[in-house]
1. Would you mind telling me which numbered condition in (1) outside any helix (DSSP H, G or I); (2) at pLDDT 70 or above; (3) under 29 Å from residue 102 (Cβ atoms) residue 39 fails?
2. Can you find, within segment 59-83, the residue that is farthest from residue 104 (Cα to Cα) among those that are at pLDDT below 85 and part of a helix (DSSP H, G or I)?
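The values are calculated or read from the model by the stated rules, or taken from the named source; none is laboratory data. Since the structure is predicted, the reported quantities are computational estimates derived from the model, not experimental observations. Note that each Cβ is placed from the backbone with ideal geometry, even for glycine, and that neighbours are counted across all protein chains shown.
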C-alpha cells in the first residue's frame with residue numbers, strides 16, 4: 001500500500017513538473033522567439049556595447065565611492081541567457097520563486113524559511 005502511494009506521488013510530481021515546464025515555456029517562448037530571431041546589425045551592437053560600458057564605468061565609480069572592492073570579473077547576463085533561464089526554472093522548481101503575470105518574483109516566505 002505504501003509502495004503504491006509512493007508511486008502515485010512520484011507520478012503526481014512528474015505530472016506537475018511537466019505542467020510547470022510547459023507553463024514556463026509558454027511564458028518564455030515570446031522572449032526566446034524574439035531573442036533568437038532578432039538580428040542586431042553592427043551599428044546597433046556598437047551602440048549597445050558603448051551603453052553597457054558606460055554603466056560599467058558608473059558601477060565601478062559608485063563602488064569606489066562606497067569603498068567596495070571591485071569584482072575580479074564583471075559578468076553581463078546577456079552573455080549567459082540560457083544559464084539564466086535554467087536558473088530561473090530551478091528557482092521555480094524548488095519553490096524559491098513562482099510565476100505571476102508573465103513574471104517570476106521570488107517567494108520571500110520560502111527564501112527566509114529555507115535560509
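1. (2)
2. If we take residues in segment 59-83 being at pLDDT below 85 and part of a helix (DSSP H, G or I), then 79 is farthest from residue 104 (Cα to Cα).
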